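J.: Take a look at this one; I'll ask things after.
The values are calculated or read from the model by the stated rules, or taken from the named source; none is laboratory data. Note that this is a predicted model, so its numbers are computed, not measured. Here the Cβ is made from the backbone with ideal geometry for all residues, glycine too, and neighbour counts use every protein chain on show.
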Amino acid sequence: MMSNPPEPAPGPKGLPSLFPILGLLRQYKLRVAGAGIALLFTAGATLSLGRGLQVLIDQGLGGGTSEDLRAAIILLVGIAAAIAVGTFGRFYLVSWLGERISADIRKAVFNNIVRLHPGFFETNRSGEIMSRLTTDTTLLQTIIGSSFSMALRSSLTMTGALVMMFITNLKLSLIIAVGVPLVLLPILVFGRRVRRLSNQSQDSIASVGSYAGEIIQHIRVVQSYTREQFESAAFDKEVERAFTIARQRIWQRSLLICGAILLLFVGMSGMLWEGGQDVISGRMSGGELGAFVFYAIMVGSGVATVSEVWGELQRAAGAAERLVELLNARSLIDDPGTRELPTASARGELQLAHITFSYPTRPQLAALQEFSLLIVAGKSLALVGPSGAGKSTVFELLQRFYDPQQGQVLLDGIDIRELGLLQLREHIALVPQQPALFTGDVRYNIAYGKPDASDKEIVAAARAAHAHEFISQLPEGYASHLGEQGVRLSGGQRQRIALARAILNDPKILLLDEATSALDTESEHQVQLALQKLMHNRTTVIIAHRLSTILHADNIAVLDQGRLVATGTHSELLLNSPLYARLASLQFRDGDISGERTPDPANAPDLSVPD
């Protein structure tokens, strides 16, 4: 029995979810220390501005001489210059850290998800994953590079201003101190609501992006069926739902900021009344009151900034939760590391022994049951059967995209679970029915499996795939860009590029998912010529939808409902397998099912069609 690794434990919730993200700062200790020094220096210089203001009022304006005024103004200019220099250092270093951490998070998340088993992407939409990689990381960059710094600066200046207030005037400070807890109350009350709505907002944005991406990807189908108006209306609903959630979040944050500022300035008004009475009665100088008011304003603005940033931090916590989920996701396929096949036994023989397998998303439905099959090294084997018989599942298991619940998949007698994933898949090349091409030039796509290939090797592979002629006619030859998913090429041309990629990779094992079923006659002829060269003396497994493509296979395996029901050559199966004979009769409706007269492949029906 296969034992899958346990699912990752859920990550932290709320603000603690930011800790793993902030933990990335440890590798940039010098810059963090520099930003901290700049932050402390700026906060100290800002606090000294209150004393400078007191000197200006009591000595500069109250001294009665121009010299006193000049000295006070020079002091203020010096303090302002110190604030400017400190702000420059703080802003640059903190912004650099924000951008750096954002880039590191993107790389860490992508490096993890690109190694996850394919089943993960059955339950997680690509659009949502892209939203986490872009929108969520951008939000964290803003928080770390700006908002978090503002919160620290405001907290420092607010704490320092409170201390200076108590030093300046105890009675007035007590009046302000009574108001501070009242200000913190709405921050705590509304903060949780903001975080919950922020999570919903980010999810709704991801849904919008995923929906739009799917429609754009299939735009030809949408327009072919004249569904533009329907899709526009459906997209409008998704956008409006996202806006409604965002509006609720903004409303809660607005209430949070409004309440904090109102309560604080009510307290300041009471302080100004008492302070004004002390100045009038001579118990306090105008400079002391001015300095105290300055510190009180600093406390007020600090609380307002912290309350605003608190909402941003709650929103960032939601983004961090989603990113940490991706960082903590673990593949169900356990990679043992670098483990090569013994060179002496590297023949390319495959065997599926007593396989029972169900997909994780459909655990009650067995895709393969007690399935055993030997694929002889250097020979070709075709898989035939109705839709859902298990043909594609065999390909999935051979590439170890999944592990069977029971049984073994053997390569040259060795369980593939004992081989490193990299070493296993280096021996295999897949040519799918719908070839996957990347946004890049021809050279990049052909050399995708062997990026260090020389131009001579790439051209040789293209010639072997009968692709060199049409590539040479492209505007920039092998440097021609193919567009998204190779949209600038025909189906036959895309298929021959995919074949050239497989030829260049020179695998021991070739998996062909009926690489010609969607092509016209001329394109199929070109691809078949390339396939004959590629399959020579190579272990080849073919998913067959057309009988014409497997007449010359060394062996044919007939699958039905996840079981192997027959094996043999075409002529043997016509006699021994009723299912194969029925599928063959669907193709040769004129009664000649011997395969001696090769049918027109363009008119051949699909063998995957069930009863």
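J.: Kindly provide the set of residues from the stretch 543-559 that are aliphatic (A, V, I, L, M) and either touching a helix residue (DSSP H, G or I) at 6+ places or on another chain (Cβ under 7 Å) or at pLDDT below 75 (or both), ordered by number. Lay out the reasoning, then the answer.
T.: Initially, the stretch 543-559 is screened for residues aliphatic (A, V, I, L, M), giving 543-544, 547, 550-551, 553, 556-559.
Once the filter is applied, which keeps residues that are aliphatic (A, V, I, L, M) and either touching a helix residue (DSSP H, G or I) at 6+ places or on another chain (Cβ under 7 Å) or at pLDDT below 75 (or both), the stretch 543-559 yields Ile543, Leu547, Leu551, Ile556, Val558, Leu559.
J.: Among the candidates Gly568, Gly562, single out the residue that is buried (at least 16 other Cβ atoms within 10 Å of the Cβ), on the phi > 0 side of the Ramachandran plot and either modelled with pLDDT under 85 or touching a strand residue (DSSP E or B) at 6+ places or on another chain (Cβ under 6 Å) (or both). Can you show your working first?
T.: Numbers: Gly568 fails: either modelled with pLDDT under 85 or touching a strand residue (DSSP E or B) at 6+ places or on another chain (Cβ under 6 Å) (or both).
Going through Gly568, Gly562 in turn, just one is buried (at least 16 other Cβ atoms within 10 Å of the Cβ), on the phi > 0 side of the Ramachandran plot and either modelled with pLDDT under 85 or touching a strand residue (DSSP E or B) at 6+ places or on another chain (Cβ under 6 Å) (or both): Gly562.
J.: What about Ala544, is it within 33 Å of the chain's Cα centre (by Cα) and crowded, with 20+ Cβ neighbours inside 10 Å? Give the steps one after another, and end with the answer.
T.: Values: within 33 Å of the chain's Cα centre (by Cα): no; crowded, with 20+ Cβ neighbours inside 10 Å: yes.
Criteria not met by Ala544.
J.: With respect to Ala367, is the statement that it is assigned to a loop (DSSP other than H, G, I, E, B), surrounded by 22 or more Cβ atoms within 10 Å (Cβ to Cβ) and of a type outside the set (Phe, Trp, Tyr) true?
T.: Working: assigned to a loop (DSSP other than H, G, I, E, B): no; surrounded by 22 or more Cβ atoms within 10 Å (Cβ to Cβ): yes; of a type outside the set (Phe, Trp, Tyr): yes.
No; evaluated as a whole, the condition is false for this residue.
J.: Regarding Arg253, is this residue part of a helix (DSSP H, G or I), modelled with pLDDT of 70 or more and not acidic (Asp, Glu)? Break it down into steps so the answer makes sense when it comes.
T.: Numbers: part of a helix (DSSP H, G or I): yes; modelled with pLDDT of 70 or more: yes; not acidic (Asp, Glu): yes.
Yes: the conditions hold for Arg253.
J.: Next up: Any idea how many residues of the stretch 370-391 are among the polar types (S, T, N, Q) and crowded, with 16+ Cβ neighbours inside 10 Å?
T.: As a first pass, look at the stretch 370-391 and keep what is among the polar types (S, T, N, Q): 372, 380, 387.
Adding the requirement that they be crowded, with 16+ Cβ neighbours inside 10 Å leaves 380.
Qualifying residue count, the stretch 370-391: 1.
J.: If you don't mind, another one. Note down all Cβ pairs under 6 Å where the first residue falls in the stretch 323-336 and is under 17 Å from Arg106 (Cα atoms) and in a loop (DSSP other than H, G, I, E, B), the second is modelled with pLDDT of 80 or more and not hydrophobic (A, V, I, L, M, F, W, C), and they're at least six residues apart or on different chains.
T.: Close Cβ pairs (under 6 Å, with a partner that is modelled with pLDDT of 80 or more and not hydrophobic (A, V, I, L, M, F, W, C)) do not exist here.
J.: Hey, another quick one. Residues that are at pLDDT below 75 and assigned to a loop (DSSP other than H, G, I, E, B): does the stretch 301-318 have at least one?
T.: Checked the stretch 301-318: no residue is at pLDDT below 75 and assigned to a loop (DSSP other than H, G, I, E, B).
J.: Whether any residue in the stretch 87-103 is more than 21 Å from Gly36 (Cα to Cα) and within 13 Å of the chain's Cα centre (by Cα) is what I want to check. Walk me through it before giving the result.
T.: Going through the stretch 87-103, the residues more than 21 Å from Gly36 (Cα to Cα) turn out to be 103.
The next check asks that each one be within 13 Å of the chain's Cα centre (by Cα); those that pass are 103.
Yes, some residue in the stretch 87-103 is more than 21 Å from Gly36 (Cα to Cα) and within 13 Å of the chain's Cα centre (by Cα).
J.: A further question follows. Exactly one of these conditions fails for Arg400: (1) within 19 Å of Phe121 (Cβ to Cβ); (2) in a strand (DSSP E or B). Give me its number.
T.: (2)
J.: Say whether the condition of being buried (at least 16 other Cβ atoms within 10 Å of the Cβ) and within 30 Å of Ser392 (Cα to Cα) is met by at least one residue in the stretch 477-487.
T.: So far as the stretch 477-487 goes, yes, one or more of its residues are buried (at least 16 other Cβ atoms within 10 Å of the Cβ) and within 30 Å of Ser392 (Cα to Cα).
J.: Something else about it: Against the conditions (1) at pLDDT below 75; (2) closer than 30 Å to Met130 by Cβ; (3) surrounded by 14 or more Cβ atoms within 10 Å (Cβ to Cβ), where does Asp68 fall short? Just the number, please.
T.: Against the list (1) at pLDDT below 75; (2) closer than 30 Å to Met130 by Cβ; (3) surrounded by 14 or more Cβ atoms within 10 Å (Cβ to Cβ), Asp68 comes up short only on (2).
J.: Under 8 Å by Cβ, and 6 or more places apart or on different chains, what pairs join a residue from the stretch 365-382 that is free of Cβ contacts under 8 Å to residues at least 12 places away in the same chain with one that is surrounded by fewer than 22 Cβ atoms within 10 Å (Cβ to Cβ)?
T.: Leu365/Ser358; Leu365/Tyr359
J.: Related question: Of all residues in the stretch 276-305 being over 16 Å from Gln54 (Cα atoms) and hydrophobic (A, V, I, L, M, F, W, C), which is surrounded by the fewest Cβ atoms within 10 Å (Cβ to Cβ)?
T.: Top of the filtered list is Ile280.
J.: Read through the list (1) closer than 19 Å to Ile446 by Cα; (2) at pLDDT 85 or above, then give the number of the only condition that Ala515 fails.
T.: The failed condition is (2).
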